[in-house]
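S.K.: Take a look at the following structure, please.
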Amino acid sequence: MNFPSSYVRVIVSRFVAHRALMAAVLSGPLIGATLAFGAIAAQETNSVIIDNFTFTPKELTVPVGTTVKWVNHDDIPHTVVDTNKSFRSKPLDTNDTFSFTFATAGTFNYFCSLHPQMVGKITVQ
Ligand SMILES: [Cu+2]
């Protein structure tokens with residue numbers, strides 16, 4: 001087989017163009033959806049209410065990138081302290097809040113350092 005080199009060049013350039021088009025068609029919506037999902041996940045905020053010496057919800061599952069906000073509705077101070085020390089709030093007075101953004105997946109058990117029987121869990125996935 002011995003094609004003129006110009007003939008081979010046309011075939012190759014058509015093939016490359018076709019591949020590029022297919023890649024654009026296939027990845028366009030995928031990239032758009034990924035960016036949109038990332039933006040939504042980054043903006044999402046979940047709240048944990050502290051009331052009557054209880055974290056509610058006691059267990060919360062969120063996507064990576066989520067900011068969780070704790071709000072103290074009790075009339076005595078509470079804290080929010082990760083068992084593995086990745087976050088620790090100052091004592092929260094009534095209606096004070098504490099926020100933490102979970103950048104990595106994992107299980108985060110936390111408690112109130114003033115009342116260690118108060119416990120909660122955030123699962124990040
Ligand atoms: Cu407490």
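FYI, it's all coordinate maths here, none of it is from the lab. The structure presented is a predicted model; accordingly, all values stated were derived computationally and were not measured. Here the Cβ is made from the backbone with ideal geometry for all residues, glycine too, and neighbour counts use every protein chain on show.
S.K.: For a label point 7 Å from the Cα of R88 along Cα→C-beta, name the residues of segment 99-125 whose backbone N is under 13 Å from it.
M.R.: Only 111-114 fall inside the zone, counting backbone N under 13 Å.
S.K.: So, one more: State the extension gain, in nm to one decimal, for the chain segment bounded by V64 and T123, taking 0.36 nm per residue of separation less the distance between their alpha-carbons. Numbers along the way, then the final one.
M.R.: Working: separation 59, 0.36 × 59 = 21.24 nm, distance 0.94 nm.
Extending this stretch completely gives an extra 20.3 nm.
S.K.: Tally Lys and Arg at +1 and Asp and Glu at -1 over the other residues with C-beta under 9 Å from the C-beta of N109: what net charge comes out? Let's see the in-between values first.
M.R.: Numbers: positive: K121; negative: D82.
Taking every Cβ under 9 Å from that of N109, the sum is 0.
S.K.: Students often get this wrong: which residues of segment 81-125 have the backbone nitrogen under 16 Å from the point 7 angstrom along Cα-to-C-beta of F53?
M.R.: 111-120
S.K.: Once amide H atoms are built 1.01 Å from N in the peptide plane, which residues 5 or more positions from F55, or in another chain, come under 5 Å H to H?
M.R.: For F55, whose amide H was placed from the backbone, the distant partners under 5 Å are V119.
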